[in-house]
1. Quick one: which residues, 5+ away or cross-chain, put their amide H under 5 Å from the amide H of T446? H built at 1.01 Å from N.
2. So what's the gap between the Cα centers of the stretch 153-179 and the stretch 275-310, to the nearest angstrom?
3. Local charge sum around E346 (other residues, Cβ-Cβ under 11 Å, Lys/Arg +1, Asp/Glu -1)?
4. From the helices alone, meaning DSSP H stretches of at least four residues, give me the mean residue ellipticity at 222 nm for the chain, per-run term -39500 (n - 2.57), in deg cm²/dmol to the nearest 500.
5. For A421, what residues show an amide H to amide H distance below 5 Å, using hydrogens built from the backbone and excluding near sequence neighbours?
6. Restrict the search to the stretch 263-363; then list the GluC sites (Glu not before Pro) that DSSP places in a loop and that have at most 12 other Cβ atoms within 10 Å of their Cβ.
7. Whole-Hz Karplus ³J(HN,Hα) for the stretch 317-324, in order, using 6.51 cos²θ - 1.76 cosθ + 1.60 and θ = phi - 60°, x for Gly and Pro?
8. Which of these, D352, D152, D283, has the largest mean-square fluctuation under a Gaussian network model of the chain (Cα springs below 10 Å)?
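Just so it is clear, none of the values below were taken in a lab; they were calculated from the coordinates. The model shown is predicted, which means the values in this text are computed figures rather than measured ones. Using ideal geometry, Cβ is built from the backbone for each residue, glycine included, and neighbour counts are taken over all protein chains shown.
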Amino acid sequence: MTDSHAATSDVRRVRPRDPDSVHQLLQDALDASKADEAQAAWSWESGTATRFGDNAITQNMGGEQETVTVEVAFGSRKGSASTNRMDAAALAEIVARAEAVARAAPEDAEHVPLPGPQAYGVRPQRWFDATADLSPQAIAEDVAHVVAGARDAGLIASGLFDVRARAAARLNSRGLRAWDAATRVDYSTTLRGANGSGKAAATQSDRRRIDPVALSHEAVTNAGLAQNPEPVEPGEWTVIFEPLAVRGLLGMMAWTMSARDAEEGSSAWTDTLGRKMFAEGVDLRLRVDDDVLPAPTFGADGIAVEPTTWVQNGVVQHLYHDRFWASEKDVRPDAARGPLFMAGDEDQELSDLIAGCERGLLVKNLWYIRFVDPRTLTLTGMTRDGVFLVENGRITRPVQNLRWNESPMVFLANLEARSRAVRVGGWSDMKLPAVRSRGFTFSSVTESI
């Protein structure tokens, strides 16, 4: 680990309210309600984001927000209201507003009673002061490492360095009491040359796990290799997807793993339970014991996030059940879909996947991903930030970006090899390996760099 900001003079202290005071705030809101059921949720976030482009910082954003939401039910008639004021009058006002909405609302045919107290268990550390207290000046110093590397290499750097501290609490009239607090650093940069670009990204809960100098070196190397790409013929290729590219596919897939959609016949997961759908060794799980990607304490309606095996050794074991569908099927509801973990091979690196490829394409990243057919989970998108021809176990040259049309179901079914897994950020963090898979369909060459 590195801690380049230990001696920074402009250290700030960022903390949410303490859990006891928050729960008392929520209890006061519940005490004011005359509804049959009520739950109160509190959320807090402090963040600093720095954008840069053309080798200079272009925008700094920051702030803190705090919200309380009250949801009530009279029978199956429900209403909710929110406020960013924490005084007693504001809480009483949103309780009254939520109750007025509920009384006027139609009955909800899918209403499920609120969950009771939960056993949340022990979690790895999710809050790090080194992240929460990171100052704008310290973030600017991290940006400076990337910009200096880009200038030295004759490249243009852009990116977003985002730092967040979050906390959440929930209380309900059935005795549920939940708390969670976490920090997150998401550093991402793209370096462009005359005829190609390269990307590097790092996401961690603890800022001290990120080395901005190493991030700069990675981006410079990737951008340098990507210059002057040549076209290749589209079609079916063996591909080596780096973890960022794997995330592009599996991020879309994770949100389709609904038990209800599958049982109603509207998704690619219909009739897959208990079937071997993917290659040997493909494991997809929600884990709560990982130090690098620690899971939240609770999810939907305060339900405890529990370890879940979605796919084991290629066989589909479980699909996501929301509280209504779980009550219909008399099973435990799922609090969350993620964080998603895909098992890797700890003895394999990306270089090993390349060395084992006779002819294929190394893909760094994907973008502009859209659904084509939800029933087959066919997606379309483009490659980005470097594509390289691999021949006889070595990278021979950069190639132009390609549009692709493929399903992650096929990608995982055709999996040949995996590297060790690493944390990958974005709109939903995952821990994923690089993957080599055969028969991936590219439809055309694009002019984008």
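1. Correct list: N401, L402, R403.
2. The two parts, judged by their Cα centres, are 19 Å apart.
3. My count for the surroundings of E346 gives -1.
4. The helix contribution divided over the chain gives -6500 deg cm²/dmol.
5. Hits under the 5 Å cutoff: G344, D345.
6. Filter output for the stretch 263-363: E264, E280, E346, E358.
7. Along the stretch 317-324, the couplings run 9, 7, 10, 5, 10, 6, 5, 5 Hz.
8. D152
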